[in-house]
Structures are given as structure tokens and as C-alpha cells.
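The values are calculated or read from the model by the stated rules, or taken from the named source; none is laboratory data. None of these values were measured; they are calculated from a predicted model. Because the Cβ atoms are built from the backbone with ideal geometry, glycine has one as well, and the counts that use them run over all protein chains shown.
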Amino acid sequence: MEEYQYKRVIGGGFFSIVKKYLRKEDGKHYAVKELKAEHYSKEDYLYRFEREISLMERLKGHSNIIKIVDSGHNPEEKKIWYAAELASMNLHKYIKANNQTLDLFIMYPGGWTRS
């Protein structure tokens, strides 16, 4: 990832973290999603992350999908990541801000509830 300059953490979840990077080649900011190191040796998480990269590659060019621009996997360093266009907000925030008629549901153990 020598071609990227780290800026800051912008999000994450249980098994991954999303960071903002500047790509030196074009001077643009990108979101870089990485599998957390503590989950690298868990085959199911590694498989899911690799599948996510594969699906994003296949969906490249779709107008409603953020474009993946780069990815990398270094087994020696136990690191796998991909870089994608940087969105101004996550999907949940976008829906809350732009579509007041859409009901959002959140899954919790045992069922669903409205947000």
C-alpha cells in the first residue's frame, strides 16, 4: 500500500475497519476496507472478505454500486484490503436523510424491529 497515504479511520464493524487514504497517483481520497488482523486466520471471515471483493469487481460499472479501484492480499503480513470510491456517508445515513417514506428495519437476535 505504498501508493496510499493514511489519513484517518472513518468506520468499521465487527470483522473489518474502514480508513480514509489519499492515493498519491491521482490525488484522490478513497475508502480502504481491511479485514481486522485478529480475524485473518478465521477461514469464514477471510472467505467472506474475498467474496466481497469478488462481488464488487463483478458489479463494477453499475450506477448504484461504489466502484472498487484496487485491492491487495499479503498472506505473510496477514493483510487483505480493497480501496473503493469514498462516499460522503454510509447507506443508513443516506436513507435517513433522503427518503423519509422508507421504513428501516434492524435485525436483532430473535427478529426484526423498526429503527
Taking the range 20-40 and keeping residues closer than 16 Å to GLU77 by Cβ and free of Cβ contacts under 8 Å to residues at least 40 places away in the same chain leaves LYS36, GLU38, HIS39
Scope the range 61-84; condition at pLDDT 95 or above and in contact with a Leu (Cβ under 7 Å, 6 or more places away or on another chain); matching residues | ILE80
When GLU43 is evaluated against the numbered criteria (1) free of Cβ contacts under 8 Å to residues at least 24 places away in the same chain; (2) under 15 Å from the mean Cα position of the chain (by Cα), which criterion, by number, is the only one it fails?
-> (2)
Residues that are hydrophobic (A, V, I, L, M, F, W, C), at pLDDT 95 or above and loosely packed, with under 11 Cβ neighbours inside 10 Å, drawn from the range 1-60 | VAL9
Which one is farthest from TYR40 (Cα to Cα), of the residues in the range 74-95 that are surrounded by 14 or more Cβ atoms within 10 Å (Cβ to Cβ) and touching a helix residue (DSSP H, G or I) at 6+ places or on another chain (Cβ under 8 Å)?
-> ALA84
